[in-house]
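Accompanying notes for the structure given below.
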Amino acid sequence: MCGIVGYTGAGQAAPVLLDGLSKLEYRGYDSAGIAVRDGEAEPVIVKEKGRIADLKKKIGSEDNVIGTCGIGHTRWATHGAPSETNAHPHHSDDNAVVGVHNGIIENYEEIRAKLKKKGYEFYSQTDTECIIKLVDYYYKKYQETPIEAIARAILRVRGSYALCLMFADYPGEIFCARNGSPMIIGMTGEDAFVASDVPAILNYTRHVYYIDNMEMAHLKKGGVEFFNIDGDRIEKELVEIKWDAEAAEKGGYEHFMLKEIHEQPKAVEDTIHSVVKDGNRIDLSGVGLSEEEIKKISQIYIVACGSAYHVGVSSQYVLEDLAGIPVRVELASEFRYRSMPLLQDALAIIISQSGETADSLEALRKMKASGIKTLAIVNVVGSSIAREADHVFYTLAGPEIAVATTKAYSTQLVANDLLAIEFGRVRGLLTDEEAYRLVEEVKSIPEKIATILEDKNRIQWFASKFANAHDIFFIGRGIDYATCMEGSLKCKEISYIHSEAYAAGELKHGTISLVEEGTLVIGVCTQSEVFEKTVSNMVETASRGAYLMGLTTEDNYSLEDVARFTVFVPKVDEHFSTSLAVVPLQLLGYYISLARGLDVDKPRNLAKSVTVE
Ligand code: M6R
């Protein structure tokens, strides 16, 4: 989604802004712009539709944007088409206020109508222009400080935003506010930075402040001050970012996605070791869940979006089987608008890589408001979901840049596996020995993923054969069906080939009519209880002309009699088979996209973190 970078200090702003924006490219965007101010001079605003490279071309020489204070933005269109006019920064009619904004102002039409009556004109279709002009209106009407005018404006607007503004009367200064959209402030020596995401400023500083909802910041050369909505000064804690900048680089791989696929063994191992202590004991003290709390859980609600939701679908089988707790898995975007009776002794698990997904955050808030205890499984430290949840289990995937998630997904799976084992042990469904054995199985996953990756050339060959496929169907039962959902999403989001995940037993209730000569059907068969059943469903599609690919565990060699191409993954306790079976499907999606010459890391229309509804 949109990205923000701001800088004021001793150096030139434009190089910092452009560098920062390029670090946010992975979030997805369709236009970009910067505004740079040289002392008291009017800001120079340059905007362009397309990539940062197009913006740089338009700027030409950096001498065209001289100045030590500036703000920049990458826009992912919500209100108004991607265009130079709708790109940020936006400005008031006389340039008294210039700004960039992430998020959505829900009542922008009402604000626009009010301001039009006061004589304001609007040149764009954006909600951003409305909030900037609203600040300008209050600033002039009440002759207030920028902080007072911003506070007045944010009390008037509804929605989520991260806002960065420069005022003509305050050269060298940047004013920020947030509600719902992430924003961090970094300081080093005389230089002050603001950004919507850590990678944007990681080259310059690793010490940051997190601004909370309805708080504001005032940046100037050598200092930053924070304010609450009443305009009172507040203190903030400086937090050290532990990621290294290198972790957010491609490190010799052609794409971030391939790099991240290969980082899975380490990411999964680090996540396991964050809670598994000596003697295979699972220690959830860092997560903050006590044994008494675990014993009381009568129901688990898992709420998430996209791939994180697929983790929930797979984990429900593991949690129900090992911990004996009923589980409901809900799409956050649906759950937030549903009036579903919630059991009071329940635990809500919110899964999110970014910790900023708007629907997941709202679902978390709804759970909390209903008195349900919440546990977030989150990758980004200090993100909104992590900060608002009662308990947090941090996955240790490191920065994930490719839009298509791989390593974060895998770490979320093992986090849930370990919760299921510990819940089962504490609640007496598993003996210490059984829990120990299951932890050993989970600990074997990283090495087994590494083995699968060694065989990637075979998958690449197969991917090139089906690079022009029209439809792909992924079928499986139980946990395998959950794996199919993720395999199908990986395929469609980066290869743009239509695909569907189907519970194998449901095919003959309608969908099988779509199968025709040559349709690729991928059967995932890792669960012994339903192995034969899924194989029968695969055969049914083959009789209608399907080309069959099978995905199963070593030893199930009979699948080769049915499928024309079979991939084998190492054996693991069947509860955890998604962790292994998903890897060839991630590779398949990657290599199909590569063979089609697509933008693997930044697929069209998608953003890394979906911070709007
Ligand atoms: O940051 P989150 O885990 O909350 O993101 C949820 C989804 O947007 C995300 O998993 C999305 O589906 C991925 N792009 C899929 O690869």
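Judged by the mean number of other Cβ atoms found within 10 Å, the most tightly packed of the peptides 95-106, 254-265 leads the ranking 95-106, 254-265. Entry note, the chain: the mean residue ellipticity at 222 nm calculated from DSSP H runs of n ≥ 4, each adding -39500 (n - 2.57), is -11000 deg cm²/dmol after division by the residues and rounding to the nearest 500.
If R0 is taken as 30 Å, the Cβ-Cβ distance between Arg158 and Asp283 corresponds to a FRET efficiency of 0.10. So in segment 120-208, what percent of DSSP beta bridges are antiparallel if you round to the nearest 5? Antiparallel bridges: around 90 percent, rounded to the nearest 5. The length gained on full extension between Asp321 and Asn605, counted as 0.36 nm times the residue separation minus their Cα-Cα distance, comes to 98.4 nm. Nonpolar atom fraction for the chain, defined as the carbon and sulfur part of the 1.4 Å probe accessible area, stands at 47 percent. Using C-alpha pairs below 8 Å separated by at least 6 residues, the relative contact order for segment 157-252 is 24 percent. Normalised by the number of residues in the chain, the average gap of Cα pairs under 8 Å and 6 or more apart makes the relative contact order 12 percent.
If the chain between Glu254 and Lys443 were fully stretched, how many nm would it gain, using 0.36 nm times the residue separation less the Cα-Cα distance?
Here the answer is 65.1 nm.
Sort 318-324, 383-389 for me by packing, meaning the mean count of neighbouring Cβ atoms within 10 Å per residue, highest on top.
The packing order, highest mean first, is 383-389, 318-324.
The residues of the chain have, on average, 37 Å² of accessible surface per residue, using a 1.4 Å probe with all protein chains present. Spin-label pair Lys465-Asn64: with each label point 7 Å from Cα along the Cα-Cβ axis, the two points sit 5.1 nm from one another. If the chain linking Glu42 and Glu240 were pulled fully straight, counting 0.36 nm for each residue of separation and taking away their Cα-Cα distance, it would gain 67.7 nm. Qualifying chymotrypsin sites (Phe, Trp or Tyr not before Pro) in segment 90-153, where qualification requires a DSSP coil assignment and no more than 15 other C-beta atoms within 10 Å, comprise Phe122, Tyr123. Each DSSP beta bridge with both residues in the chain is either parallel or antiparallel, and the antiparallel ones are about 60%. Given +1 at the Cβ of Lys and Arg, -1 at the Cβ of Asp and Glu and no other charges, the dipole of segment 81-137 around its Cα centre is 200 debye to the nearest 20.
Summarising the label geometry, the points placed 7 Å from Cα in the beta-carbon direction at Glu434 and Glu190 lie 6.7 nm from one another.
Annotation: Cα Rg of the chain relative to the compact-globule expectation 2.2 N^0.38 Å equals 1.01.
Hey, with R₀ at 41 Å, roughly what FRET efficiency would Glu532 and Ala53 work out to, going by the Cβ-Cβ distance, to 0.05?
So, using R0 = 41 Å, E works out to roughly 0.15.
Pairs of Cα atoms nearer than 8 Å and 6+ residues apart set the relative contact order; for segment 216-301 it is 9 percent. Spin-label model, Glu225 to Arg544: label points 7 Å out along the Cα-to-beta-carbon direction sit 7.0 nm apart.
The values are calculated or read from the model by the stated rules, or taken from the named source; none is laboratory data. The structure displayed is predicted, hence computed values, not measured ones. Note that each Cβ is placed from the backbone with ideal geometry, even for glycine, and that neighbours are counted across all protein chains shown. What goes into the accessible areas is simple: the full protein's heavy atoms, side chains included, and nothing from ligands, DNA or RNA. Shrake-Rupley method; radii C 1.70, N 1.55, O 1.52, S 1.80 Å.
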